[in-house]
Structure formats: C-alpha cells, structure tokens
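Each value in this text was obtained by applying a stated rule to the coordinates, not by laboratory testing. Just so you know, these numbers come straight off a predicted model, no measurement behind them. Counting neighbours? That spans all protein chains shown, and the Cβs are built from the backbone with ideal geometry, glycine included.
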Amino acid sequence: MSRTDIAAWLQDFQTRLCASLEAADGGPARFGQDDWQRPGGGGGHSRVLEGGAILEKGGVGFSAVEGELSAAAARQLHLPDPHFFATGVSVVLHPRSPRVPIIHMNVRYFEAGNGEAWFGGGIDLTPIYVDEAQARRFHQRLKKACDEHNPAYYPKYTRWADDYFYLPHRHETRGVGGIFFDRLTVGQDGSVNDLFAFVRDVAETFAPAYTEIMRENHALAFGPREEAWQTLRRNRYAEFNLAFDRGTRFGLETGGRTESILMSLPPRCGWSYNPAPPEEGSPEAITLGWLRKGVDWTAAHA
C-alpha cells in the first residue's frame, strides 16, 4: 500500500461522500469544487455546499501535499527531518435546523522525511439539542467500527475525543464526542494495510450514521428560541476551532490555504454579552448537562 494508493482512495471517498450528502439533503444545491495548489508541492480540492435544503453549509476537503516544513512546524510535529507528505479528507457540516447536529470528521495520513509514517482521524457529533438515543446509537456505530479492528480502540479513542474536543474556558465538551486518534504509527501500531483498513472503516461509518440523523430530525419543529440557542452553540463551535483546534492552528501557521482551513466555521453566528443561563429543567439546560467528559454512551441503558 503506497501513499499514492492512500491518496487515491481518499480522493474517491471525497467524491462518494459528497454524492451521499447531496442525496440526503434532497435539494437542488450541489457541492462546488475549488481546486488549489500548494506552492511547496501538491494541492487539493475543496468542495463546499451552501444553501441546501437541510445543510446550510457543508465542506468536504481533500488534500495531498508535500514539501518542506518550516523549522517551527517541524519542531511542533517532533520531526528531525522537515520533508513531508500528507493527505487526508476533512468534513464539517452545519445544518439549517437546530434539531440536526453539527458533525465533523477527519481522516489523514502523514509521511515524515525520516521514513516514519502514521495515520490519524476521528468523528465527533455536536448536537444543538442532545437526543440521548441518537447519541448512544452514534457511539455504538463508532464502537462497532473500532471493535472490528481492536477492542481497545473505542475506549481509548472516545476518551481522547473527550479530552481533545473540550472548551476549558467554558468547562464543557464541544458536543457528545465520538472518537479521536493520532499518530497511529506504521510498524509500531500495526502494518500500513491494517491501519489503513481501520481508517477506511471509520470514514465509511460517517455517511450512514449522519444521514440517518438528518432524515429523522430535519422536519422537527423549531422557533426563535431554538434558533437563538443554535446561534450560541455555533459560537462555541467557532471558539473551539479558532482557539484550540490543532489542525486549524497548524494550517494557518504553516501557510496553508486560508479558505480551506476556515471552511469549518459556521455560516451564521454572533456573540451576545454574558447571556443568561438556561432555566433549570429546560431542553437547553438538559443539553448542557450532557456536555461533560466521561459519559459512557455505549453502556446498557434502561
């Protein structure tokens, strides 16, 4: 399995995922494609859908880039040799309805100049209103994908997601979590074929898991109160991506393509000063109660 094979699969996955999301959206909007080149080598295809029937904004980006990192970037990645190759697909979807969750996925492969290579990725779900049954079903799907490769993956990677997708200044998780993994190193953690098979299965879990929620929730009623809560929760999403997301910071600090890096930001949001906390027992307060680390979403539940 060569890096060319991995990049080709990821590019095909981008095409198939966009087609699945267009079908699930059900409107006339389609993903437009913006091709770009990296000055140091390689490039990518940013595909963005705006104004869909269900998806207000969705981005599915593919990249395969290579070259030489700055000294600072190489130190950040603990690379003795600044030469690199990286390829991956990143997805962020922002629905119109506050009843349909925001979702993010990333799957990626990296080769360092010294010959070391690794995979990373994950999926996490950010509901505006937490539906417990859907959150549990989402985690069960991720656990199944993990268990088929290593039963230790899901417990480890869901804790990693809790720790990573966390807003320390808000003392809350970004959503109901999912899985997150990084630097699964070829040779140390498995063969390139075995690790790539796991990453493929994670990626293929995305469309069935999310489009099911789209179908179930997009027609549920909402009004100004729910839209105001959606604005606040989108703010939290933007805060995380701009202040804490390592991929965003790494891309901007290494001269990546700004439009593609910031594709993940919501289409509409605004900050109000010191908003009042939700009333105890309200749907908004119940959602906040779920936004904590350590929830066992796959435990048997009466």
Pick out which of LEU220, LEU17, LEU184 has the largest mean-square fluctuation in a Gaussian network model of the chain, springs linking Cα atoms closer than 10 Å. LEU220
Please work out the Cα center distance from segment 214-269 to segment 51-77, rounded to the nearest Å. 15 Å
Would you list which lysines come within 26 Å of LYS143, measuring only between C-alpha atoms, while excluding same-chain residues fewer than 8 positions from it? LYS156, LYS293
Could you tell me the relative contact order of segment 185-302? Use alpha-carbon pairs under 8 Å, at least six residues apart, and round to a whole percent. 18 percent
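Using alpha-carbon pairs under 8 Å, 6+ residues apart, how would you state the relative contact order of the chain in percent? Walk me through the numbers on the way to the answer.
Working: 516 pairs, mean separation 50.5, N = 302.
Taking the mean separation of contacting Cα pairs over the length of the chain, I get 17 percent.
When you have a sec, figure out the Kirkwood radius of segment 151-281 from all distinct Cα pair distances and drop it here in Å to one decimal? Display every interim value, and only then the final one.
Values: mean 1/r = 0.0562 Å⁻¹.
Mean inverse Cα-Cα distance, inverted, gives 17.8 Å.
In the chain, which helices (entire DSSP H runs) extend 20 Å or more along their own long axis, judged by Cα positions, while averaging at least -1.0 on the Kyte-Doolittle scale? Present the calculation step by step, with values, prior to reporting the outcome.
Details: long enough: 3-25 (33 Å, -0.13); 132-147 (22 Å, -1.50); 192-217 (38 Å, 0.02); 224-243 (28 Å, -1.38).
Membrane-span-like by this rule: 3-25, 192-217.
List the relative contact order of segment 1-122 as a percent without decimals, with contacts defined as Cα pairs under 8 Å and 6+ residues apart.
On the way: 243 pairs, mean separation 23.1, N = 122.
This gives 19 percent for segment 1-122.
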Options PRO82, GLN11, PHE31, ranked by Cα towards positive dipole end of segment 1-135, top entry (Cβ charges): PHE31
State the label only: which of [x] 0.93; [y] 1.06; [z] 0.95 corresponds to Rg/Rh (Cα atoms, Kirkwood Rh) computed from the shown model? [z]
Working only with C-alpha atoms, what are the Rg and Dmax values of segment 84-238, expressed in angstrom? 16.6, 56
